[in-house]
1. Note down all Cβ pairs under 6 Å where the first residue falls in the stretch 368-381 and is without any contact (Cβ under 8 Å) to a residue 12 or more places away in the chain, the second is in a helix (DSSP H, G or I) and open to solvent by less than 30 Å² (accessible area, probe 1.4 Å), and they're at least six residues apart or on different chains.
2. Is it true that Ala86 is under 20 Å from Leu260 (Cα atoms), surrounded by 18 or more Cβ atoms within 10 Å (Cβ to Cβ) and either at pLDDT 95 or above or of a type outside the set (A, V, I, L, M, F, W, C) (or both)?
3. Of everything in the stretch 349-367, what is over 15 Å from Glu308 (Cα atoms), touching a residue at least 24 places away in the same chain (Cβ under 8 Å) and open to solvent by less than 80 Å² (accessible area, probe 1.4 Å)? Give them in sequence order.
4. Give the number of residues within the stretch 308-330 that are of a type in the set (Ser, Thr, Tyr), open to solvent by 20 Å² or more (accessible area, probe 1.4 Å) and part of a helix (DSSP H, G or I).
5. Could you list, in sequence order, the residues of the stretch 272-298 that are free of Cβ contacts under 8 Å to residues at least 60 places away in the same chain and assigned to a loop (DSSP other than H, G, I, E, B)?
6. Which pairs have Cβ atoms under 9 Å, sit 6 or more apart or on different chains, and link a residue in the stretch 86-105 that is without any contact (Cβ under 8 Å) to a residue 40 or more places away in the chain to one that is part of a loop (DSSP other than H, G, I, E, B)?
7. Exactly one condition in (1) surrounded by 17 or more Cβ atoms within 10 Å (Cβ to Cβ); (2) in contact (Cβ under 8 Å) with a residue 60 or more places away in the chain is false for Gln443; which is it?
8. Select from the stretch 446-461 the residues that are in contact with a helix residue (DSSP H, G or I) (Cβ under 9 Å, 6 or more places away or on another chain) and among the charged types (D, E, K, R) and write down the one among them that is surrounded by the fewest Cβ atoms within 10 Å (Cβ to Cβ).
Amino acid sequence: MLAKVKSVAVFGIDAYLLDVEVYIASGDMPYIAIVGLPDTAVKESRDRVKAAINNSGYRFPYNPMTINLAPADRKKEGPVFELPIAVGILIATGQIEIPDIQTYAIAGELSLDGRLRPVKGCLSMAIKCRELGIKKFLLPSENAPEAAVVDGIDIIPVETLADTVGILTKSLPSIPYKIELEEVFRESSGYDVDFADVKGQEHVKRALTVAVAGNHNVIMVGPPGAGKTMLAQRIPTIMPSLTLEEALDTTKIYSVLGLLGPGQSLVATRPFRAPHHTISTAGLIGGGSFPRPGEISISHNGVLFLDELPEFDRKTLEVLRQPLETGNVTISRALNSVTYPAHFMLVCAMNPCPCGYYSDKRRECHCTPHQIQKYMSKVSGPLLDRMDIQLEVPAVQYSELIADNEAQSSLDIRKKVTVACMMQRERFREQSIKANAQMSSRQVKKYCAMDKSSEALLHQAMMELCFSARGHSKILKVARTIADLGESELIKVEHISEAIQYRGLDRGLWK
């Protein structure tokens, strides 16, 4: 007898619908064949399904059995198909009858006693089911909160195989899982840190405000203990709040990787990722036989922070250049190619020399000029060139640490940043970009209009400080953002002057 059950699987961060076909033939030679390009985990499903069916009070057939996962030209991975396979076997053996089985999509991993374990990527699965008009999606109860953020589909949580059969045969009530999306979004959108916690470093805070407002990449150079990491951790708190669309895009990546916490429905705050400098290339950009998102994709719509930048493998850093330009990363393998989103703000930090105290006026540096130059050269010129803002972060003075001055809060800064971002969205509303940092040379010429005094100052800076053509473009983009923060359509002298101050490496301050 033949049975067909609809299921959903994930490829990249998007899902696709598939049919689980179960055919049980007559004969005395029991075997189970799973076809349709299954991986090892899928092949192992036969043993878990067998134990789960027997331990749930049903009978596992000892006949020749073929299980086909269609379409057969796409490789299948993971235990997500075990629940639909078990349901298909029960239908094919006549133990249950479900006339409307094609109105359901089913996914879940089975334990040996018939209970269900959570699977990865349920948010993407629910979105695909809604797109294809499937109204009911059965899945493990632990996955229900993330899938329930999708409107227009009934998310039905189940605890065991027996519960699944009861719901499908109508002997148990089918109760969809519901959440109040706006309430969840509001409750999950808070941060535990604030810019008001940072003592001193007012000019650095200002520079980071400019960076966030225009989505500019930043590198901070300073001695140990100056507060580089502390400042970087607070950057997401001054970024504009995530929209629902951005939150769903980010949550899909976390869902596919199994990074959502228990009961978590949405990633409602900007991601902040700080991988260790020993990370591999695959760990940073993604990879594997079944390509998985890397840190740059997990940082999508948020911040990727690379501390101790020269300690990273140079080849690993070089792969960042293409995602920084395009906002996505493509991982190609022999059988398939996957593109992941990677629109993030890159924030880097490093010491000015091997000992770290070259720029510290209170401690003596023992590094030779050759050692300093060698240390700085560990980071390639093309990568440094992509850093719109280059900051010196000096050591904090004791008087600043004990001062009772009330620092500006993240909320106050975010309000200013949001206004500047709205100006940019309005400016680029008919174009494919959203922020000043993404402007092409033609757009820079169109939108970075200066008065004569500003042009004269920039010309003088180009001549005396020997900025490159790319440096010239970066200065104009940053000046455009500074003008937006001041709600000025024209770039003025003070805007150009401040932007020039943010090119510390180009000005040779650490050479």
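The values are calculated or read from the model by the stated rules, or taken from the named source; none is laboratory data. Remember, predicted model here, so these are calculated numbers, not experimental data. Reconstructed Cβ throughout: ideal geometry from the backbone, glycine too, with neighbour counts over all protein chains shown. Heads up: the accessible areas ignore ligands, DNA and RNA and are worked out on the full protein's heavy atoms, side chains in. Shrake-Rupley method; radii C 1.70, N 1.55, O 1.52, S 1.80 Å.
1. none
2. No.
3. Answer for the stretch 349-367, where residues must be over 15 Å from Glu308 (Cα atoms), touching a residue at least 24 places away in the same chain (Cβ under 8 Å) and open to solvent by less than 80 Å² (accessible area, probe 1.4 Å): Ser359, Asp360.
4. Taking the stretch 308-330 as the starting set, the residues that turn out to be of a type in the set (Ser, Thr, Tyr) are 316, 326, 330.
Still in the running and open to solvent by 20 Å² or more (accessible area, probe 1.4 Å): 326, 330.
When the remaining residues are screened for being part of a helix (DSSP H, G or I), the result is 326.
Total satisfying the criteria: 1.
5. Of everything in the stretch 272-298, those that are free of Cβ contacts under 8 Å to residues at least 60 places away in the same chain and assigned to a loop (DSSP other than H, G, I, E, B) turn out to be Ala274, Pro275, His276, His277, Thr278, Ile279, Ser280, Gly288, Ser289, Gly294.
6. Sorted first by the residue in the stretch 86-105, then by its partner, the pairs are Gln95/Tyr58; Gln95/Arg59; Thr103/Ile134; Thr103/Lys135.
7. So Gln443 meets the others, but not (2).
8. Taking the stretch 446-461 first, the residues in contact with a helix residue (DSSP H, G or I) (Cβ under 9 Å, 6 or more places away or on another chain) are 447-448, 450-451, 453-458, 461.
Right, trim to among the charged types (D, E, K, R) and you get 451, 455.
Values: Asp451: 12, Glu455: 14.
Ranking the qualifying residues of the stretch 446-461, first place goes to Asp451.
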